[in-house]
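Following: one structure in structure tokens, then a few remarks.
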Amino acid sequence: MTKKLRINYNQLLMKKKEMANEEKHKVVEDCIKLIGDKWADLCFKHDGSRILQQLLKFGHREHRITICDALKSSYVDLATNKYSHYLASKMYYYAPTEELKAAMRLKMAGQTSKLVQHAFAAEVLEYVYSRGTDKQQRELVLSFYGNYFLLMKETKDETGNPVSLKKFVELKPQLAEGIMDKLDGIIQKLMEKGLARLSIVQAIIADFFSAHPEEEVSIKVKDMAQSIKEKVPSLLASKPGLSVACGIFSILDAKDRKTVVKSLPVEEMLTNKIAHLFLIHIITTLDDTQLTKKKILNEALKIVDDHIEDKCFGNVLLSCLCPPE
């Protein structure tokens, strides 16, 4: 079976002018018949996983439904395997119906705090999260909160969506300490594993910071800021991460702020649509104007000829030259 599938796999890789889509659909059909009910014999192997990815890519709607239906019950196992985690991401991408995508998210939702710490599953979880709607992303984040998940999911806002952690804590203050302690423990583990770069982790950290009253900077928040300060650049990949980075920068003392500024890859950040906003935040909040000029303005002037028309670059440059009074 595997030998025949490899031959068909090579045919699917042929260019369109060499083999029409209709012919490739026929090859995919033959492969599905050949596999029968032996999906598990293929999906966890290096060559088998690659073959199935090509079947998803070149199959039509019904083929994709057949493949996803056959494998969706093993979605978590696929996500945690060295070879099949690539297949898990492709399944979510090519799944032609929302019902299939929802089934895959549901499989992950029950184990998100475990999966995000897994080397391969974390990438699949991040992929699924990044392609979700606001509501779907919120539900994946809520699933990190363990026993509090159902309570939070049942508590809706005026639009019918699950409430934010901040709102939930305001509505149920008697649960605040327990849920914040749990969240603190989860985040510390994620930080130790270097997972701050994942946008789903950034959303969890943003929840933690937003749930504390603005006028109250607790010991937990200060400790969290200290543990994350060296990972600020990796946070600047999403809006929640940007929110966390700005919050941390505001909490840190002058010495730690300087350390953060010196660690930033300013040249890359100047033209990034999210990261450049953090540079503007630094310019408007940092008291040390000499450091700002030396680290940010100097870097900007080095590449001004290449990026002067870039909107993000222009905003940072204007902030440097015309800082708030």
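Numbers below:
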| quantity | calculated |
| --- | --- |
| Checklist (1) within 14 Å of the chain's Cα centre (by Cα); (2) assigned by TED's automatic domain parsing to the domain that holds I65 applied to Y92, failing item | (1) |
| Some residue of the stretch 49-65 being modelled with pLDDT under 90, under 24 Å from L140 (Cα atoms) and not charged (D, E, K, R) | no |
| Breaking point among (1) surrounded by 15 or more Cβ atoms within 10 Å (Cβ to Cβ); (2) among the small types (G, A, S); (3) in a helix (DSSP H, G or I), for G178 | (1) |
| Odd one out for V28, checked against (1) touching a residue at least 40 places away in the same chain (Cβ under 8 Å); (2) within 13 Å of T66 (Cα to Cα); (3) among the β-branched types (V, I, T) | (1) |
| Residue within the stretch 262-277 that is more than 26 Å from the chain's Cα centre (by Cα), more than 19 Å from P240 (Cβ to Cβ), among the aliphatic types (A, V, I, L, M) and not assigned by TED's automatic domain parsing to the domain that holds Q226 present | no |
| Residue check, Y93 surrounded by 21 or more Cβ atoms within 10 Å (Cβ to Cβ), in a helix (DSSP H, G or I) and among the hydroxyl-bearing types (S, T, Y) | no |
| Every residue from the stretch 21-44 that is surrounded by fewer than 16 Cβ atoms within 10 Å (Cβ to Cβ) and in a loop (DSSP other than H, G, I, E, B) | G36, D37, K38 |
| Helices (runs of 4 or more DSSP H) enclosed by the stretch 225-309 - at least 3 residues per element that are within 30 Å of G185 (Cα to Cα) and small (G, A, S) | 239-251 |
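Each row is one residue, and each column tells you yes or no for (1) hydrophobic (A, V, I, L, M, F, W, C); (2) under 27 Å from P240 (Cα atoms); (3) in contact with an Asp or Glu (Cβ under 6 Å, 6 or more places away or on another chain).
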residue	(1), (2), (3)
A20	yes, no, no
F44	yes, no, no
Q53	no, no, no
F58	yes, no, no
H85	no, yes, no
A103	yes, yes, no
S113	no, yes, no
V116	yes, yes, no
Q137	no, yes, no
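The values are calculated or read from the model by the stated rules, or taken from the named source; none is laboratory data. This structure is a prediction, so every number in the text was calculated from the model and none was measured. With ideal geometry, Cβ positions are generated from the backbone for all residues, glycine too; neighbour counts draw on all protein chains shown.
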